[in-house]
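So the structure is just underneath, and the comments pick up after that.
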Amino acid sequence: MATFRLQGSKVLAVSMAGDAVKAKNGSMVAYDGQMAFKKMSGGGEGLRGMVARRLTGEQMEVMEVRGQGTCWFADRASEINLVSLHGDKLWVEASNLLCTDAGLRTGTTFTGMRGGATGNGLFTTTVEGTGQAAIMSDGPAVVLRVTPQYPLQVDPGAYIAHQGNLQQHFQSGVTFRTLMGEGGGEAFQIRFEGDGLVYVQPSERNTIGGDV
């Protein structure tokens, strides 16, 4: 299995000994040794995955990197976070997924309320199995714990990913900025309940909620 390590906070180094990884297309910045690069259709899920992603609007351009040596990945100076999976599942926005072990399965799933972020529709990308994944954020990501006693409300523009046994609910009408008496803010929030982790970034994408 390939070995993932961070060099600084914005570059991912992956050491391979005949292994392969799936990475965001065009994210390779350097490599040593012998590497082969192959663009994959449908986010690495073949024709069926390509059709599903076209229908859902969850865009994901992926390449397979295989070889002997080390390959370095980065994307627009984004901060990178490593997530270890042990037979479980990660839900992540396609635009925030940088690299995964080739053995991890990726897919597209209906979430019922992930329409808060422009262009992401009501669907999100899933990564499951055993291995490592690298996710990106605009600024240093914060990992927040959700427990049955302490549910969490998240601005959909700041949401990156989540894992664990969590249920999501889409809320509208009440915003952080409205409560503070300010004139602008998000008209929608995501409420997470259960037991798991939520990754958020200190920067917001534009959302369909608009100003309130």
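The values are calculated or read from the model by the stated rules, or taken from the named source; none is laboratory data. Because the structure is a prediction, the values reported are computed rather than measured. Using ideal geometry, Cβ is built from the backbone for each residue, glycine included, and neighbour counts are taken over all protein chains shown.
Residues in segment 93-126 that are modelled with pLDDT under 95, β-branched (V, I, T) and assigned to a strand (DSSP E or B): T106, T108, T109, T124, T125, T126.
Of all the numbered requirements in (1) within 16 Å of V92 (Cα to Cα); (2) modelled with pLDDT of 90 or more; (3) small (G, A, S), G139 misses one, and that requirement is (1). The residue of segment 36-66 that is modelled with the lowest pLDDT, among those that are part of a strand (DSSP E or B) and surrounded by 17 or more Cβ atoms within 10 Å (Cβ to Cβ), is M40.
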